[in-house]
Amino acid sequence: MVFAKAMRTSARYGWRLQIKALAAAGFRVVAPDMRGYNLSSRPQGVGDYDIEKLAGDVRDLVHERGAQSALLAGHDWGGSVAWATAMEHPEIVDRLAILNAAHPRKLSQGLHHPDQLRKSWYFFFFALPDLPDAIVPANNWHFFRHFLHDARPAYTAQEMDRYIEAWSQPGAASGMINYYRSSVRTPAKKAEAAIHPIKAPTLVIWGQRDAYLGQELAEPEHDDVPNLERVARLPDASHWVHHDEAERVTQLLTGFFAPAQSS
């Protein structure tokens, strides 16, 4: 079972090319929208987006689907939740694939450096009360559309319309922004205490042209991910690596997950 999570749109749409290929390869694929996104429920409290609760959503969904464990893949916030799930609920993660989402320790270290702070300015803007919720939907979602502009090749007008449709669901803007609010408000000691070594074999896929996360964040510390099998760096891909290099990402995921399929 492959559990894939995506950022800022319907997970089924964002991962559509990988889903089709993985299903054709014999995997059972589940691609849910995370809480706050698209058609999923959108709790109003910032605390409802604590990383522990989001990891609990993954655990519950795996069990609700009749499985004891899963192959877990995640990108962006989905990747952050996948890291947390592998730490909090190691028994449900057989293999872990991360796409352009820094391990929490690496991200914390990165935010102490001016270059990464400059790239991550929006983290702190989104932490403000009320103002981001009003600004983000303005001008036909110009703020969020800006984040997609570094994609290579660029998103088509039809693809952009699908993203805007998902963002425009009632309450979706605040739900998405609450991920950032919860992250920024989590005390450093609590975040540090939540980091445990990840047991699952791990693959990191990293678009090197990421405008928001520095290349130095791609590789986690050995003590945190002792079973890291590979960091696959794709030099021509942006943050949206599974869009930019869809075929290559599909090949990497299929090859990485294959040993679990045959066991």
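Computed from the coordinates by the stated procedures, all read-outs in this text should not be read as laboratory data. Worth saying up front: this structure is predicted, and the values here are computed from it rather than measured. With ideal geometry, Cβ positions are generated from the backbone for all residues, glycine too; neighbour counts draw on all protein chains shown.
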**Message:** Suppose the chain between Arg145 and Phe124 were pulled fully straight at 0.36 nm per residue; how much longer would it get relative to their current alpha carbon spacing?
**Reply:** 5.7 nm
**Message:** What whole-number distance in Å separates the alpha-carbon centres of the range 116-150 and the range 192-261?
**Reply:** 25 Å
**Asked** Which whole-number percent is the relative contact order of the chain (Cα, under 8 Å, 6+ apart)?
**Response** 24 percent
**Message:** Give me P(r) over the range 71-132, computed from all C-alpha to C-alpha distances, binned every 10 Å, as integer percentages.
**Reply:** 20, 41, 28, 10, 0
**Prompt:** For the range 25-42, what does the Karplus curve 6.51 cos²θ - 1.76 cosθ + 1.60, with θ = phi - 60°, yield as ³J(HN,Hα) per residue in whole Hz, taken in order and with x for Gly and Pro?
**Reply:** 7, x, 8, 8, 10, 10, 10, x, 7, 5, 3, x, 9, 6, 9, 6, 5, 10
**Complete:** Each label sits 7 Å from Cα toward the beta-carbon; between Gln109 and Asp57 the label points are separated, in nm, by 2.9 nm
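Go ahead and run the numbers for FRET between Tyr155 and Glu221, Cβ-Cβ distance against an R0 of 51 Å, rounding to 0.05.
Numbers: r = 34 Å, r/R0 = 0.66.
Efficiency at R0 = 51 Å is approximately 0.90.
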**Request:** Determine the relative contact order of the range 17-121: mean sequence separation of Cα pairs under 8 Å and six or more apart, normalised by residue count, in whole percent.
**Result:** 18 percent
**Request:** Pull up the cross-link candidates among the lysines for Lys190, meaning alpha carbon to alpha carbon under 17 Å and not fewer than 8 places away within one chain.
**Result:** Lys53, Lys106
**Asked** Regarding the range 2-262, what is the average projected area of its C-alpha convex hull, in nm²?
**Response** 12.7 nm²
**Item:** Only Lys, Arg (+1) and Asp, Glu (-1) charged, at Cβ; the range 2-262 dipole about Cα centre in debye
**Value:** 220 debye
